[in-house]
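Note sheet for the following structure.
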Amino acid sequence: MAHHDSTGKPFTVAIVGGGIGGLALAIGLRHQGISVQIYEAAPAFAEIGAGIAFGPNAISAMYLIDPAIRDAFRRLATKNGFDEEDETWINFRSGFGEPTLIAKVQTGDQEKTGLSSVHRARFLDELASLIPKDIAHFGKRLLSFQEEASGKLTLVFEDGETAFADVLVGADGVRSRVRQLLLGKESVLDGLSFTGKYAYRGLIAMDKAREAVGDELAMNSQMYLGKDGHVLTYPIDHGKTMNVVAFKNKEDGPWEHDHWVLKSKGEDMRRDFANWGTPVRSVLDLMVDADMWALFDMLPAPTYYKGNVVLVGDAAHASTPHQGAGAGQALEDAFILSMLLGDKKTRCAGDIPAAFRAYDAIRRPRSQKVVSTSRTAGATYALQGEARDNLDEVGEELLQRYKWIWDEDMQVQAEHARALLGQ
Ligand SMILES: Cc1cc2nc3c(=O)[nH]c(=O)nc-3n(C[C@H](O)[C@H](O)[C@H](O)COP(=O)(O)OP(=O)(O)OC[C@H]3O[C@@H](n4cnc5c(N)ncnc54)[C@H](O)[C@@H]3O)c2cc1C
């Protein structure tokens, strides 16, 4: 699909943060003929070497933002290894004793995508290749912004440089500076909460994983559930690599470290899962050192915008990863926002708040529901709460849990947003 180099709109957009959300939005805005610049704190666009999975709603949003994103995704997407597991998202199994199947969760009737996972860093590279190099500015950590009498925004960066734009988008992740400036310092600090879990993440060569747990468990996505944690494994890199995330409940209260990612020794992880079943222990034995990630999410923001400043992705609604849906919500944000700014009713900078009002009304309830149901999912996976000894009931819940996220028709969501723009 052709990209536009000249703007069709008399306003400019500055995106702060070049993760999946910021880059997808930049691609979407350019696709709409809108002039955009990206300011990223890091020296380059970068993601960690881990897997990420996308549901049907997210893949549909990719296509609607710009078909080139879905094409790039499809080049990288890894499905389950067995043909009969093609429509399976995750096989939920008992983490103790035999790995008995509790529920086989499959993606919906419309989009039988099954598991579609990619290597994060490779996917981000593909997104970065879809924007011109000269719109990306690195080493630009936003400190503050101010509104000038003309209505233009001045962005001030840590290195003392400034930039100007009509619109500022905070795509700066879970510790968002833009959110802090928009909602007030107190509310960002109060708005983040430790969810009582941490996770070890790592990658294993698939041939070693197959030797350790056999082809069926290694080559297809599995989630092992236990009393105080859950362990997720799925293939990435077209089946060459197994992505592992081992979640553990932290039994002793809050997260007391300043850092959310800690270096940890493999032996700590193995101690945490010492009494688990053989497949889990065999997989974790193959992970040498695994970083430990504290899992935080956000309390609901009262708004995602003020004036010409708006939040997308984790900056708006950081979630636990328990439904594999956080980045999918960032893609939905990017689609709806680029569509609203590109709409013919958004003619000039003065029309921006109306577009943001529609974005906020459509995106806030759904993305915040993902945050809250994701927390509940984490509790279910760790068999917390009432009736968790009944694995049939757990299985029933798992079969229902994802439908409302995946079955969303993104075109209908866009129509609702567009209708609000007209009011
Ligand atoms: C363990 C785990 C597993 C997950 N698995 C999945 C999954 O399978 N599927 C899924 O959909 N989601 C998943 N998620 C959620 C997903 O990772 C996030 O929702 C997504 O990465 C958010 O993207 P983002 O672009 O909003 O933010 P980020 O990726 O955090 O990007 C923010 C960017 O802003 C930059 N930045 C920060 N501050 C500033 C500043 N002041 N100035 C300039 N730049 C700044 C950062 O350097 C960064 O590049 C998972 C999350 C975790 C923790």
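The values are calculated or read from the model by the stated rules, or taken from the named source; none is laboratory data. Computed from a predicted structure; not experimentally measured. For neighbour counting, all protein chains shown are included, and Cβ atoms are generated from backbone atoms with ideal geometry for every residue, glycine included. With ligands, DNA and RNA removed, areas are computed over all heavy atoms of the protein, side chains included. Shrake-Rupley method; radii C 1.70, N 1.55, O 1.52, S 1.80 Å.
Data for the structure
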{"item": "Charge tally in the Cβ shell below 9 Å around D86, where Lys, Arg are +1 and Asp, Glu are -1, D86 excluded", "result": "-2"}
{"item": "Heavy-atom accessible area ranking, 1.4 Å probe, most first, across H230, H416", "result": "H416, H230"}
{"item": "Most mobile listed residue (R179, R363, R271) in the chain, GNM with C-alpha springs under 10 Å", "result": "R271"}
{"item": "Where Y305, Y234 fall by accessible area, highest first, once all protein chains stay in place (1.4 Å)", "result": "Y305, Y234"}
{"item": "Share antiparallel - DSSP beta bridges, the chain, percent rounded to 5", "result": "75 percent"}
{"item": "Charge dipole (debye, nearest 20) of the chain; +1 at Cβ of Lys and Arg, -1 at Cβ of Asp and Glu", "result": "820 debye"}
{"item": "Ranked by how many other beta carbons lie within 10 Å on average, peptides 376-384, 143-151 from highest", "result": "376-384, 143-151"}
{"item": "Helix 391-401 vs. the chain, principal-axis angle (Cα, 0 to 90°, nearest 10)", "result": "20 degrees"}
{"item": "Under 12 Å, Cβ to Cβ, from V283 - net charge with Lys/Arg +1 and Asp/Glu -1", "result": "+2"}
{"item": "In Å², nearest 10: area of Y63 left accessible to a 1.4 Å probe", "result": "100 Å²"}
{"item": "Calculated from backbone phi, Karplus (6.51, -1.76, 1.60) coupling profile of segment 44-60 in Hz, x at Gly/Pro", "result": "7, 5, 8, 10, 7, x, 9, x, 8, 10, 10, x, x, 4, 5, 5, 5"}
{"item": "Surface accessible to a 1.4 Å probe, per residue, for the residues of the chain, Å²", "result": "42 Å²"}
{"item": "Carbon and sulfur %, accessible surface of segment 310-380 computed with the full protein complex present, 1.4 Å", "result": "57 percent"}
{"item": "Estimated vicinal HN-Hα couplings, Hz - segment 83-94 in sequence order (Karplus 6.51, -1.76, 1.60; Gly, Pro = x)", "result": "4, 6, 9, 4, 9, 7, 7, 8, 8, 8, 10, 5"}
{"item": "Charge tally in the Cβ shell below 14 Å around S372, where Lys, Arg are +1 and Asp, Glu are -1, S372 excluded", "result": "+4"}
{"item": "Signed unit charges on C-beta, dipole axis of segment 57-105, positive-most listed residue W89, A103, S60", "result": "S60"}
{"item": "Segment I135-D407, extension gain: residue separation times 0.36 nm, minus the distance between their alpha carbons", "result": "94.4 nm"}
{"item": "Sites K344 and F96, calculated FRET efficiency, Cβ-Cβ separation with R0 51 Å, nearest 0.05", "result": "0.30"}
{"item": "Residues with amide H under 5 Å from that of K250, placed H, sequence gap 5 or more", "result": "K197, Y198"}
{"item": "Of I48, I69, I59, the one that fluctuates the most in a GNM where the chain has Cα springs shorter than 10 Å", "result": "I48"}
{"item": "Solvent-accessible surface (1.4 angstrom probe) belonging to T78, in square angstrom, nearest 10", "result": "0 Å²"}
{"item": "Low-density loop positions, trypsin sites (Lys or Arg not before Pro), segment 284-359 - DSSP coil, at most 10 other Cβ in 10 Å", "result": "K344"}
